[in-house]
Amino acid sequence: MAEPLVDIVARSIYISLAAALIAFTFGALISLLMLVTPRRLSEMLIGVFDALVGAPTVVVGLIVYMLIYPGGPLGFLKLLYTPTALIVSQALVALPIVVTLLYRYFEQLWSDVKELVLSLGAPAGKVYPLILRESPPALIAVYLIAFSRAIGALGAVMVVGGGIEGLTNVVTTAIALEVLLGNYEYALALGGILVVLTVGLSVVARAIGGLVWR
């Protein structure tokens, strides 16, 4: 008997929310640090992150797998085929797009705010608080995009999670497994939920982002 749909969806949302939060936190820190790095270096780094946005998620999963499988450097943590492994892999999938979006936004805001702060005679250290104070709409939009990217990842979570019922079975892995089993109606129901989540969040994120990046 197939695992209850509500359990799969709830698990997927929980895991992807956590993954998006991790990706968002590290992505914001990386983006802010890149603002104070030499221009050539920051442009090189953002080029790398731009390229990684389109990286196959299965490759991300493979990298995480090689780190956490029993013979890997982090195998002693016993994370393979656990929700934690899914969270880590999804966070890595979402990280590049977070960095790319936030850096472009912060870069523009940095120039405007820094000139204003310095013209008023305030120390340069006041720039970061002002940037964060002006950024809530952009931060919300990027977090939603990160969540959408995380919850839609299949390759990464299949490799490190295995789609174990009651433990690591999320919407994407459940769809793949149910299709293999011939349970097409159940797979379509899961697919519909995934589309509603990802498309709905993308629309909301774009609406919020349009107010910021116009």
Next on the checklist: Limiting things to C-alpha atoms, what are the Rg and the maximum Cα-Cα separation (Dmax) for region 5-212, in angstroms?
Outcome noted: 19.2, 69
Item to check | Cα convex hull of region 65-108 - mean projected area over all directions, nm² | outcome: 3.6
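Only the coordinates and a few stated rules stand behind these numbers; no lab work does. In this text, all values refer to a predicted model and were calculated from it rather than measured experimentally.
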